[in-house]
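The values are calculated or read from the model by the stated rules, or taken from the named source; none is laboratory data. What you see is a predicted model; the values in this text were computed from it and never measured. Methodologically, a virtual Cβ is constructed for each residue, glycine included, from the backbone with ideal geometry; neighbour enumeration extends over all protein chains shown. Note: areas computed on protein heavy atoms with side chains; ligands, DNA, RNA excluded. Shrake-Rupley method; radii C 1.70, N 1.55, O 1.52, S 1.80 Å.
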Amino acid sequence: MAIADVTVIPIGTETPSVSSYVADIHRVLQKYEESGTIRFQLTPMSTIIEGKLPDLFEVIQAMHEVPFEKGLMRVATNIRIDDRRDVKRKMEEKVQRVESRLNV
């Protein structure tokens, strides 16, 4: 399992708010999650997605397309991937691991 931190940046919107784009992107993510392909978590600045690496690339492309489907002509997407293959950990377990070290 890999974890990706993804930020889709719609460029050329009519207002500074992008929450409607984020909501539409999350509707796409919900469909992938309901099918069992990925798990995801919204954060204030990005979205964390967990799944098999090929699936993550498919999902990220679907996310990237959403603003284009809403009529925008330019989109920037930032992607950061953590692909650790010696240990299988879910995103919550990574956080718990650090928190356990804080409590020592």
Cα-centred dipole magnitude for the chain, charges only on beta-carbon of K, R (+1) and D, E (-1), debye, nearest 20: 340
query: For the chain, modelled as a GNM with alpha-carbon contacts under 10 angstrom, which of 34, 50, 65 fluctuates the most?
result: 34
query: Can you list the aspartates and glutamates whose alpha carbon is less than 19 Å from that of residue 52, not counting same-chain residues fewer than 8 positions off?
result: 5, 33, 34, 82, 83, 86, 92, 93
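Below 8 Å between Cα atoms, with a sequence gap of 6+, how large is the relative contact order for the chain in percent?
Values: 129 pairs, mean separation 45.9, N = 104.
About 44 percent, as a whole number.
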field: GNM top mover of 54, 44, 16 - the chain, alpha-carbon springs below 10 Å
entry: 44
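Add -39500 (n - 2.57) for each DSSP H run of 4 or more in the chain, then divide by its residues: what number comes out at 222 nm, to the nearest 500 deg cm²/dmol?
Details: 3 runs with 45 residues, N = 104.
It comes out at -14000 deg cm²/dmol, rounded to the nearest 500.
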statement: Across 22, 75, 66, the residue with the highest GNM fluctuation in the chain (Cα network, 10 Å cutoff) is 75
- prompt: So how compact is the chain: Cα radius of gyration and Dmax in angstrom?
  reply: 15.1, 52
query: Using θ = phi - 60° and the Karplus form 6.51 cos²θ - 1.76 cosθ + 1.60, what ³J(HN,Hα) does each residue of region 16-25 get, whole Hz, x for Gly and Pro?
result: x, 6, 10, 4, 5, 5, 4, 4, 5, 5
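Quote the Stokes-Einstein diffusion coefficient, in whole µm² s⁻¹, for region 1-61, based on the Kirkwood radius over alpha carbon pairs, a temperature of 37 °C and a viscosity of 0.692 mPa s.
Values: Rh = 12.1 Å.
Result for D is 271 µm²/s.
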task: Kindly report the accessible area of the chain per residue (heavy atoms of protein chains, probe 1.4 Å, no ligands, DNA or RNA), in Å².
output: 69
